[in-house]
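Novice: I am attaching a structure below and will ask some questions about it afterwards.
The values are calculated or read from the model by the stated rules, or taken from the named source; none is laboratory data. Small disclaimer: the values here were computed from a predicted structure and weren't measured. FYI the Cβ positions are ideal-geometry reconstructions off the backbone, even for glycines, and counts take in every protein chain you see. Just the protein is used for accessible areas: all its heavy atoms, side chains included, with ligands, DNA and RNA removed. Shrake-Rupley method; radii C 1.70, N 1.55, O 1.52, S 1.80 Å.
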Amino acid sequence: MTNQLKPLLWVGASKKDLLAMPDAVVDVFGFALHLAQAGRKHEQAKPLRGFGGAGVLEVVEDHLGDTYRAVYTVKMSDAVYVLHCFQKKSKQGIETPKHELDLIRERLKAAQAHARGS
């Protein structure tokens, strides 16, 4: 029995943003995305609040005092869509900044439209 990997699709500049991160962070996020493609979940992956359930996931990785985040969705059955990869700049609180959430929502809509073929 072969375990079929779902295709990994990048929305917006998410791939470029990921590849600009430190190698150690890219390794963690790359492994998390690979697990998602196999229908599994990385131990650091958690549902992103405000997106209704576990369909939009976030992986957070700290590296040399900086915090990086990768957000992806497994809502669509045919692929894993990477919605956003970014370095969290704010030093106060753990909440994702509103402008980042707005971008994630916009990219999620684009991913849903792509999955529908529109």
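Novice: Ignoring everything except DSSP H segments at least 4 long, calculate the 222 nm mean residue ellipticity for the chain; use -39,500 (n - 2.57) per segment, divide by total residues, nearest 500.
Specialist: Numbers: 3 runs with 40 residues, N = 118.
After summing the helix terms and dividing by the residues of the chain, the value is -11000 deg cm²/dmol.
Novice: Okay, moving on. Note down the net charge around GLU95, summing +1 for each Lys or Arg and -1 for each Asp or Glu among other residues with Cβ under 10 Å from its Cβ.
Specialist: Value of the local net charge: +2.
Novice: Another question, then. Express the accessible area of the chain per residue in Å², computed with a 1.4 Å probe while the remaining protein chains stay in the model.
Specialist: Normalised by residue count, the accessible surface of the chain is 59 Å².
Novice: For helix 98-116, what angle does its Cα long axis make with the longest principal axis of the chain, in degrees from 0 to 90 and rounded to 10?
Specialist: So the inclination is approximately 10 degrees.
Novice: Roughly how compact is region 1-70, stated as its Cα Rg over 2.2 N^0.38 Å to two decimals? Present the calculation step by step, with values, prior to reporting the outcome.
Specialist: Values: Rg = 12.7 Å, N = 70, 2.2 N^0.38 = 11.1 Å.
This ratio for region 1-70 stands at 1.15.
Novice: What is the magnitude of the charge dipole of the chain about its Cα centre, with +1 placed on the Cβ of each Lys and Arg, -1 on the Cβ of each Asp and Glu, and no other charges, expressed in debye to the nearest 20?
Specialist: Computed about the Cα centre, the dipole is about 420 debye.
Novice: Name the residue from MET76, LEU5, ALA54 whose Cα lies farthest towards the positive end of the charge dipole of region 1-76, charges +1 on Cβ of Lys and Arg and -1 on Cβ of Asp and Glu.
Specialist: Comparing the listed Cα positions along the dipole, MET76 ranks first.
Novice: Continuing with this model, one more query. If you roll a 1.4 Å probe over region 63-114 with all protein chains in place, what percent of the accessible area is carbon or sulfur?
Specialist: 55
Novice: What angle, in degrees between 0 and 90 and rounded to the nearest 10, separates the Cα long axis of helix 23-37 from the longest principal axis of the Cα atoms of the chain?
Specialist: Compared with the principal axis, the helix lies near 30 degrees.
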